[in-house]
Each structure stands twice: as structure tokens, then as C-alpha cells.
Amino acid sequence: MEGSSGFHLPKITSEGWFGFSLYAPEDFPSPGQHIVLVQIHAWDHSLPNTNITITVHVEASGGLMLEGAYGVGDGKKDVTVYTTLAPELTKGVWHDFILYCKFSNDHTGILRAWVDGAPEAEPTAEYTGINLGNGGRNLRQLAEKDGVV
């Protein structure tokens with residue numbers, strides 16, 4: 001799954017909620033493979049390149065991971081969150097994910113994740129006071145300028 005704020009899609013401006021479910025078959029992923037399950041890009045046409053802002057992935061070791069990053073429009077990223085959601089992706093079952101993000105280039109960003117029915121008051125992972133997004137310029141200010149907000 002990929003979330004983006006490209007030309008033909010609704011803009012991801014200052015914050016967003018994303019939900020998805022996936023079934024992990026017994027043979028998924030193959031041992032030793034790094035697999036990205038979801039990636040969210042924060043992008044604006046004024047920036048020359050984008051970076052992946054949020055990913056949920058399975059490491060080669062089998063761990064289910066959450067990553068949040070910040071970039072300045074040069075295609076590179078600085079990782080601000082890298083945490084384990086589960087030591088291993090349980091196979092043969094459905095998994096539910098909810099992600100909340102607030103983009104920031106001034107250390108006021110938020111990234112929260114809930115996995116497999118975690119209560120709203122107790123996210124599986126929660127990070128505040130971070131830089132998050134492709135913040136060469138403030139995405140909300142750009143959206144306001146473009147009349148999107």
C-alpha cells in the first residue's frame with residue numbers, strides 16, 4: 001500500500017489518519033527478506049524530490065517495524081522514528097493497522113500506530129516532538145497557499 005499527496009490525489013497537508021489490514025500467509029515473507037508493507041509519502045510540487053515519510057515493514061529478522069522520517073526535498077531522509085511494533089509478524093492471520101501522523105519541520109510532529117486492536121488510549125507506538133515529513137517548507141503553509149486546506 002502507498003499513500004501519497006501527488007497531483008491527482010487528495011493532499012496530505014498537516015496531518016492524516018491511515019488504516020489498512022493485511023493477511024500474512026504462513027509463507028510470508030520468505031525468511032531473510034525485508035518487505036515494505038505500507039509507505040506514506042509527504043510531497044509538494046514545490047520540492048524537487050520526495051522522501052518516504054512513514055513505512056511499516058518486516059525486517060529480514062522477521063520483526064514488524066515502524067519508521068518515520070524527515071527530508072528537505074532532496075530525496076534523502078533523516079530517520080526520526082525507528083521502532084518495533086512486534087518482534088515477529090504472526091503468520092496465518094489478518095493484521096489491522098491504524099496510523100496517525102502530524103507533519104512538522106519544527107519538532108512538533110507526531111507519529112502514532114495502533115496494531116491489531118490496540119485501544120485508542122494505548123497506541124502500540126507513539127512519538128511526539130519529532131520532525132516528520134518532507135519539510136523543505138511547511139506543508140500546511142503550502143496547502144493553504146494552494147487553497148487546499
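Here are a few things to note about the model shown:
- Yes/no for residue 69 being more than 16 Å from residue 20 (Cβ to Cβ), within 15 Å of the chain's Cα centre (by Cα), modelled with pLDDT of 90 or more and crowded, with 17+ Cβ neighbours inside 10 Å: yes
- For the criterion of being open to solvent by 10 Å² or more (accessible area, probe 1.4 Å), on the phi < 0 side of the Ramachandran plot and within 14 Å of the chain's Cα centre (by Cα), residue 115 passes.
- Flag if residue 125 is at pLDDT 95 or above, open to solvent by 70 Å² or more (accessible area, probe 1.4 Å) and of a type in the set (Gly, Ala, Ser): no
- Residue count, segment 51-85 (criterion: farther than 22 Å from residue 33 by Cα, in a strand (DSSP E or B) and of a type in the set (D, E, K, R)): 1
The values are calculated or read from the model by the stated rules, or taken from the named source; none is laboratory data. All values derive from a computational prediction rather than experimental measurement. Here the Cβ is made from the backbone with ideal geometry for all residues, glycine too, and neighbour counts use every protein chain on show. For accessibility, only protein heavy atoms count, side chains too; no ligands or nucleic acids. Shrake-Rupley method; radii C 1.70, N 1.55, O 1.52, S 1.80 Å.
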